[in-house]
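Taking it in order: structure first as structure tokens, then the write-up.
The values are calculated or read from the model by the stated rules, or taken from the named source; none is laboratory data. Just so it is clear, the structure is predicted and the values come from calculations on it, not from any experiment. Virtual Cβ from ideal backbone geometry, glycine too; neighbours counted across all protein chains shown.
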Amino acid sequence: MQSPISYVLTVKLEVNSLSKLHEWSLWFKTWTKCETKTKSRDQAQLELKLEVQTHPNIMDTISERSEKSSYIEPSIVMDHIKKQQSYKVEEPIPISTMTLVSNGCVDYRGRIADKRKTGGWRASPFIIVNEVAERLAFFAVAVSMVLYLAREMHQSLPNAVTHVTDWIGAAYVLTLVGAFIADAYLGRFLTIIVFSFIYFGGMVMLTISAKMDSLRPPLCLKRPCPPASDGQTAFLYTALALIAVGTGGIKPCVSSFGADQFDEEDEREVVKKYAFFNWFFFAINMGALLGITLLVYVQQEKGFAWGFGIPTIAMFTSILILLAGFSSYRYKKPMGSAFTRFVQVMVVSVKNHLRGVGVVSGSQLYEVSTQESDIFGARKLFHTPQYRFLDKAAVIEDHESSITRNRWKLCTVTQVEEFKCFIRVLPIWATTIALSISFAQISTFFLSQAATMDRKLGSNFVIPSGSVPVFSAINALILVPIYEKLIVPFLRSKTGHRRGITSLQRMGVGLFISIFAMASAAVVEHKRRTHSNPTTLSVFWLFPQFFLMGSAEVFTYVGQLEFFYDEATDGTRSLSSAMFLSEIGIGSWLSTAIVKIVQRATGDEEKGWLRNDLNASKLDYFFWILMAINGVNLVVYMWVARRYKGRDGASAIGSVRDESTTVVDQS
């Protein structure tokens, strides 16, 4: 390996856009420190004194860049210890022509990541295949667990449904904990690996529970059946708890880690990033498809031990697949606790308000003078006029306080704006939870319906009841490629938006479809319930409700992936992903709450709408209630979405971000 060689160079850059200043400093900061002076929103000066000790191949990269661009004088090609030179750049080099990323990601050696060797579609396949394997394991367990609790652990159907929805809810709400650990301490990649092993441990315990007779109550041929012992229940619930914790650590990090592989300042990579979100959702449904068909069939034919054992192997395989791409990934370093920063903003703004501090203009708010923000590894954020009460946390009262690093006394503009970004998305987050309530029915009451219907396919094959959600998964597998390859280009030609429609509009389409999904479920259930012999009614009557729920998920889920990642700041990517994933958990818990309310209001399990005997229940009434909830929720969502302003001023119907935000004078 060649030894470092010394270079000396003075560079002066005139940049016509302050937003490009960060890109330039990232390009040079690998080799030197630089000082900047902001002249105005439209003009900035970057002065660098490069006293460089580096390898010739790095300087060759700069030379190569200068030869390809008319913006830099060829004199930047340097000999050893070249005398000082200076030059001026009227326009910045397009970030898409640079080989180093502009978002601060590093490679596995800790160096600024090179686009030619890391990230993009070079790294994404490992992440996508890993997601297929992990989702295969999760869905194989999720769709079988109601049957396992009812048949093997002797729980009543309503209790089994409640326990499964509570478990799924916990798994997704725990994503908030996983996101906190990833952003604050471990980083996304290491968090995924650690929690994958926790997940794997839970799967091993679940397989043992299904295999060993001593961990289940004795076989019951006549009701009432003896319940499981406390020890048997504790062992099973410990296994499920580990799987829930593992899911909570993995899920908020995988999609964000995949998106990190694309430089959002590079227009070519941005397009690929949105394609990644669609294919990531495709991977989820591919895993679900395999889990609810192949593995459920294995479970039906070979027993629960095989049905859980194969997903256990799949989970371990997913870890190996992710590790195989180690050298190809771009990594974001942990940036400290976002929750701590949020609390600091709230505490300081309230303290200053009580002391009589008023709202001031942007130029009187505190921001560090360095190129990077005070949040490690995060870019600075421009001041916005929304939620101005929080600006009080960054008001400069005297010179002494302006230089303090105690953020419990004075916060920076970037820290305040980070909290504002979090607050802005909360109404959107709250108004998309209703879909998760409906979605929870796929793995609970929809499966209970299927179990009472004719599932014969031909003369010899019977579709396992747990495999019926394949109707939803196949729809997603078909719709995602059609949407990506045909619908997006068509809509783009009509709207001018690079994704055809905005993320908010896409979510709205999904919420609209969910109304018809629950209406279809109610109509079919009424037909099934009033049929003279429900066991002769074909399970394919359930196809419309599964198909529509799958369509709703395609639009809403991918829209959420795009929206929450785009609106997140550098320090809250995992937290933002966890927010929309927690909707699935909260939706499951709300589904449980609605079930309990309906049961108590209508006569419990003996006389109410939701009984242990589905044929004696009035499940269609319950579905009509969910349809009404979805309808009201859509109206509220449309009102909220039309008034939403993004972190850069983008509206729900805008095609591009509005960058006319207030700039803090740092001079």
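For the reader, a short list of remarks on this structure follows.
- Cβ pairs under 9 Å, 6+ apart, first in the range 540-553 and touching a residue at least 40 places away in the same chain (Cβ under 8 Å), second outside any helix (DSSP H, G or I) and surrounded by fewer than 24 Cβ atoms within 10 Å (Cβ to Cβ): 541/453; 542/453
- Filter result (under 24 Å from residue 223 (Cβ atoms), among the hydroxyl-bearing types (Ser, Thr, Tyr) and in a helix (DSSP H, G or I)) within the range 601-627: 602
- Residue in the range 189-199 that is assigned by TED's automatic domain parsing to the domain that holds residue 290, touching a residue at least 40 places away in the same chain (Cβ under 8 Å), within 19 Å of residue 577 (Cα to Cα) and of a type in the set (Gly, Ala, Ser) present: yes
- Residues in the range 336-352 that are part of a loop (DSSP other than H, G, I, E, B) and hydroxyl-bearing (Ser, Thr, Tyr): 337 alone.
- Scanning the range 556-588 for residues that are under 20 Å from residue 335 (Cβ atoms) and charged (D, E, K, R) turns up 566, 567, 570, 573.
- Filter pass, residue 301 being without any contact (Cβ under 8 Å) to a residue 12 or more places away in the chain, part of a helix (DSSP H, G or I) and more than 20 Å from residue 480 (Cβ to Cβ): yes
- Of all the numbered requirements in (1) surrounded by 15 or more Cβ atoms within 10 Å (Cβ to Cβ); (2) not in a helix (DSSP H, G or I); (3) not polar (S, T, N, Q), residue 333 misses one, and that requirement is (1).
- Of the numbered criteria (1) surrounded by 19 or more Cβ atoms within 10 Å (Cβ to Cβ); (2) assigned to a helix (DSSP H, G or I), the one residue 228 fails is (2).
- Test: residue 598 is over 30 Å from the mean Cα position of the chain (by Cα), assigned to a helix (DSSP H, G or I) and either in the same structural domain as residue 288 (by TED's automatic domain parsing) or of a type outside the set (S, T, N, Q) (or both): yes
- Meeting the requirement of 2 or more residues that are among the aliphatic types (A, V, I, L, M), the helices (runs of 4 or more DSSP H) wholly within the range 381-489 are 413-430, 433-439, 445-451, 470-482.
- Any hit, the range 128-140, residues being farther than 29 Å from residue 294 by Cβ and surrounded by fewer than 23 Cβ atoms within 10 Å (Cβ to Cβ): no
Yes or no, residue by residue, for (1) under 22 Å from residue 276 (Cα atoms); (2) at pLDDT below 80; (3) buried (at least 18 other Cβ atoms within 10 Å of the Cβ):
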residue	(1), (2), (3)
428	no, no, yes
440	no, no, yes
443	no, yes, yes
454	no, no, no
491	yes, no, no
498	yes, yes, no
503	yes, no, yes
522	no, no, yes
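- Matching option when the condition is surrounded by fewer than 21 Cβ atoms within 10 Å (Cβ to Cβ), touching a residue at least 40 places away in the same chain (Cβ under 8 Å) and in contact with a helix residue (DSSP H, G or I) (Cβ under 8 Å, 6 or more places away or on another chain), among 348, 245, 296: 245
- Test: residue in the range 165-172 that is within 26 Å of residue 446 (Cα to Cα) and outside any helix (DSSP H, G or I): no
- Within the range 614-646, the residues that satisfy the criterion of being among the aromatic types (Phe, Trp, Tyr) and either within 30 Å of residue 156 (Cα to Cα) or more than 29 Å from the chain's Cα centre (by Cα) (or both) are 621, 622, 623, 624.
- Residue 72 being modelled with pLDDT under 50, out of contact with any strand residue (DSSP E or B) (no Cβ under 9 Å at 6 or more places or on another chain) and surrounded by 16 or more Cβ atoms within 10 Å (Cβ to Cβ): yes
- In the condition set (1) part of a helix (DSSP H, G or I); (2) surrounded by fewer than 22 Cβ atoms within 10 Å (Cβ to Cβ), residue 322 is compliant with all but (2).
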